[in-house]
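K.L.:
Take this structure first; my questions come after.
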Amino acid sequence: MCEDCGCGLTGHEHDTESVQVMRGLMEDNDRLAQHNREHFDAHGALVVNLMSSPGAGKTRLLEATVDAMADWLSIAVIEGDLETENDAARLRAKGVPAHQITTGSACHLDAAMVHEALHHMDLDGIDLVFIENVGNLVCPASFDLGQHLNAVLLSIAEGDDKPAKYPVMFRAADLVVLSKCDLLHAIPDFDPDRARHALADLGLAVPVIETAAGRATALEPWLAWLDHALDTHRARLGLHPVSVRNEPAAAGA
Amino acid sequence: MHELAVCQELLRQVSEVADRRGATRVLRITVRMGPLSGVEPGLLKRAFTIARAGGIADRARLDIETEPVRIRCGICGEESETAPNRLRCPDCRSGPVSLVSGDALVLARVAMERPGAADGHAIDGEEARYV
């Protein structure tokens, strides 16, 4: 069979040429993602992309974050789901502008979807944008959206070897959040140290924090990470720091 | 399965190259990729047979060259091949490592039929770049 075209003939000639290209297949997405990032920067907004399996508690974490921070800064949310407006509705109920992207059958958000969403969002005065990606530990890792930071959630019900099973996703993380840690006593199979070890095996030196979105005190490491990220981001853009989560005024002060 | 989305971008780039060079048909496409690209070679091939339909590459073959995951230790400088989830220096087991290869996802070559083409090889002039 003909090596070039599989046409079934032998000994015939094609006018062929082989062209070397060496062009990245994510190049177009990455270019658009950079455009999105410049748009976010122009508005001074820090953008955090949340990724995890379905059901790891991304929306719940966002609800708790809004409760803790919305008095001190302006938050907006972009929600990605295959179907329904449910998650955006949950955030809107907290008074936060939330745009829902329904991807249909697409298993991830890409830069073009976020770009389209930005046409429907007013970022003036917004300090912090969360992108809640489609729940999926595989596909979203490959697509830059224009975010500044990635937070990857690993709920303790999922097993502490997830980083070893999904290295591409966890390698993309700037922060790993072990979520639902209020259930640790009920799930003795999950060992946070084993999860940390699996992350270290990926060559990662990113912070790993434990949260329980239902308990305000358990959110502190997450809120502290956001504070620090906001300060760093705003300093880079030459903006004043946002006074985040000001300590409540002492009684009688 | 984001491989279909990757395939669509692949075919868009291939069509661009083919158009620019006046090709009548694309015969072979070579993609170079590593395990840390997040793309599964088998799934990419299957998605390709769907995505190629009706275009200039509708009978093209997709060849995939996989590159190994290689790391270099930031402490001892040792370079080694490793598994995608073992990105630690096998010698000193500590320290930061840098990735030498294993996360590429690149359109490497396109073989085309073009009337009047001398059978040969070229670099796609204007657009050739290394990522």
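This table checks each residue for (1) more than 8 Å from every other protein chain (Cβ to nearest Cβ); (2) open to solvent by 20 Å² or more (accessible area, probe 1.4 Å).
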residue: B:GLU9; (1), (2): no, yes
residue: B:ARG25; (1), (2): no, yes
residue: B:PRO41; (1), (2): yes, yes
residue: B:THR49; (1), (2): yes, yes
residue: B:GLU65; (1), (2): yes, yes
residue: B:CYS73; (1), (2): yes, no
residue: B:PRO84; (1), (2): no, yes
residue: B:VAL97; (1), (2): no, yes
residue: B:ALA108; (1), (2): no, no
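K.L.:
Still on this model: Mind counting the residues in the stretch A:192-211 that are away from every other protein chain (no Cβ under 13 Å) and either basic (Lys, Arg) or loosely packed, with under 14 Cβ neighbours inside 10 Å (or both)?
P.N.:
Result for the stretch A:192-211: 3.
K.L.:
Which of the helices (runs of 4 or more DSSP H) found entirely inside the stretch A:80-185 contain at least 1 residues meeting this: in contact with a strand residue (DSSP E or B) (Cβ under 7 Å, 6 or more places away or on another chain) and more than 14 Å from chain B (Cβ to nearest Cβ)?
P.N.:
Ranges flagged: A:86-92, A:111-118.
K.L.:
Does the stretch B:1-26 hold any residues that are over 16 Å from the mean Cα position of the chain (by Cα) and among the hydrophobic types (A, V, I, L, M, F, W, C), and which are they?
P.N.:
B:MET1, B:ALA18, B:ALA23, B:VAL26
K.L.:
When you go through A:SER105, A:SER74 one by one, which is the residue that is under 19 Å from A:LEU226 (Cα atoms), surrounded by fewer than 21 Cβ atoms within 10 Å (Cβ to Cβ) and over 16 Å from the mean Cα position of the chain (by Cα)?
P.N.:
It is A:SER74.
K.L.:
A further question on this structure: Name the residues in the stretch A:162-182 that are within 12 Å of A:VAL208 (Cβ to Cβ) and open to solvent by 30 Å² or more (accessible area, probe 1.4 Å), would you?
P.N.:
Residue satisfying the conditions is A:ASP174 alone.
K.L.:
Cβ-Cβ under 6 Å, sequence separation 6+ or interchain: first residue in the stretch A:89-111 and within 11 Å of A:VAL77 (Cα to Cα), partner assigned to a loop (DSSP other than H, G, I, E, B). Which pairs?
P.N.:
A:HIS99/A:HIS120; A:HIS99/A:MET121; A:GLN100/A:GLU85
K.L.:
Kindly evaluate B:ALA53 against the criterion of being more than 7 Å from chain A (Cβ to nearest Cβ) and either in a helix (DSSP H, G or I) or without any contact (Cβ under 8 Å) to a residue 12 or more places away in the chain (or both).
P.N.:
yes
K.L.:
Something else about it: Condition first: at pLDDT 95 or above, closer than 21 Å to A:ARG60 by Cβ, assigned to a loop (DSSP other than H, G, I, E, B) and not hydroxyl-bearing (Ser, Thr, Tyr). Can you find one or more residues in the stretch A:192-200 that meet it?
P.N.:
no
K.L.:
While we're here: Just to verify a result, which residue in the stretch A:137-158, among those that are surrounded by fewer than 20 Cβ atoms within 10 Å (Cβ to Cβ) and farther than 20 Å from B:LEU87 by Cβ, is modelled with the lowest pLDDT?
P.N.:
A:ALA157
K.L.:
Here's another thing I want to ask about it. Of all residues in the stretch B:51-60, how many are touching a Lys or Arg at 6+ places or on another chain (Cβ under 7 Å) and open to solvent by less than 10 Å² (accessible area, probe 1.4 Å)?
P.N.:
Number of matching residues: 1.
The values are calculated or read from the model by the stated rules, or taken from the named source; none is laboratory data. Remember, it's a predicted structure, so these values are computed and weren't measured experimentally. All Cβ positions, even for glycine, are placed from backbone atoms using ideal geometry, and neighbour counts span all protein chains on display. Side chains are part of the model used for accessible areas, which takes the heavy atoms of the whole protein and leaves out ligands, DNA and RNA. Shrake-Rupley method; radii C 1.70, N 1.55, O 1.52, S 1.80 Å.
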